[in-house]
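Each remark here refers to the structure printed beneath this line.
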Amino acid sequence: MSQGPAMNTNLRSSRYGFGVHFAAGVTSAVLLAASVLQGMPPDIEYALGAALLVVLILHARMGFALSRLETEFEMMRRLVNRAAPDAPAAPGDRAAFAIASSADAGDRATLARVRDAIESGRIELYLQPIVSLPQRKPRYFEAFSRLREADGRVLKPADYLESAERANRIGVIDNMILMRCIQALRAELRRTPRLAVFCNLSPATIYDTDFFNQLTDYLETNSDLAANIIFEFTYPAIQTMHPKVLENLNAIAAKGFVFSIDHVHSIDLDWEGLRARNFCFAKAPAGLLLAASRADEAARARLRAFRKRLADAGVDLIAEKIEFENHMPEILSLGIDYGQGNLFGPARRADFYLGDHAPRPDQAAA
């Protein structure tokens, strides 16, 4: 794995650590001298004591931050080793990540480009707004990641998905991008503390037991992210979850993380059971909802019952893939909580929506 980002972080943390220890040493020495000489005014002694306390608090914070960074680096190191195009299967690795015999030189070259982009930190955070209805004010964002090559070109998923699937590397690539996405979100939270984003967990991530166990442990020790990240799962993935995965979800939910379900193709699901697992959001395609509202009275009655069940269960409905303004009167007539789609703003780099010159909601939609 490239050591550039890690070395830069270690260098900064070393300088910070040296500064903290130096300040603690100087303050302690002055306090010791004051106690020996007994000639220093009490006010100055109190001030030095308070300064020492602040330094010790900073030291504790540094230790926590470094522990988190070490965990992130270790998870990324393991993932990069597993993603290497020519890496042998390590003991304990799932056979699914062994190189497939169909992987040719072209696939290996493509995977090398993906790996280089990830190692070099060329992963950009993209966001798409999720707006409240009818106000159309951004309340949440869905997070996406885009890889960028050394020459600045975007490496789209379509450019590498087939190669990754043929080489059985799609899972570890998804996992690495997820970790970089979480790191990018942490950086954004420094300037936008109330930012709340939906972050997709792919089936490949969920079924990768080793990584998902590590992710669960990571989230349990970083529960401060619970107010800012809503993890999103597809309904088919939820249906086929292993009991161990459900156990991990319960552990994450116990730390305050909430979940969302998408790829909903039916309104007749066990919404109460999903809410009991801390699924607080459901995404349904606008086309599915509009089709039901335009059908016969029986279909419209099922749609009304669906909305009531969600409301009673405490699940917020998000109509996604809203593209056209002329659909909005019907969408609003259904009493839907939130909307998402290009009508309200496409996926763009995070700075577009969160920067100092971020557009107002009406400008973003334009």
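The values are calculated or read from the model by the stated rules, or taken from the named source; none is laboratory data. All values reported here derive from a predicted model rather than from experimental measurement. Neighbour counts run over all protein chains shown; Cβ positions are idealised from the backbone, glycine included.
Checking each residue of the stretch 238-245 against the condition of being under 23 Å from the mean Cα position of the chain (by Cα) and within 30 Å of PRO193 (Cβ to Cβ) gives no match. Within the stretch 280-317, the set of residues being in a helix (DSSP H, G or I), surrounded by 19 or more Cβ atoms within 10 Å (Cβ to Cβ) and in contact with an Asp or Glu (Cβ under 8 Å, 6 or more places away or on another chain) comprises ALA286, PHE306, LEU310.
Whenever a residue of the stretch 237-250 is in contact (Cβ under 8 Å) with a residue 24 or more places away in the chain, its partners that are in a helix (DSSP H, G or I) and β-branched (Val, Ile, Thr), lying with C-beta atoms within less than 8 angstrom and at least six residues away or across chains, give the pairs ALA237/ILE206; MET241/ILE206; HIS242/THR209; LYS244/THR209; VAL245/ILE206; VAL245/THR209; ASN248/THR216.
Taken over the stretch 205-243, the criterion of being buried (at least 19 other Cβ atoms within 10 Å of the Cβ), touching a Phe, Trp or Tyr at 6+ places or on another chain (Cβ under 7 Å) and part of a helix (DSSP H, G or I) is satisfied by THR205, ILE206, LEU219.
Is it fair to say ASP268 is in contact with an Asp or Glu (Cβ under 9 Å, 6 or more places away or on another chain) and either touching a residue at least 12 places away in the same chain (Cβ under 8 Å) or surrounded by 14 or more Cβ atoms within 10 Å (Cβ to Cβ) (or both)? The answer is no for ASP268.
With respect to the conditions (1) in a helix (DSSP H, G or I); (2) modelled with pLDDT under 90, ASP268 falls short on a single one, namely (1).
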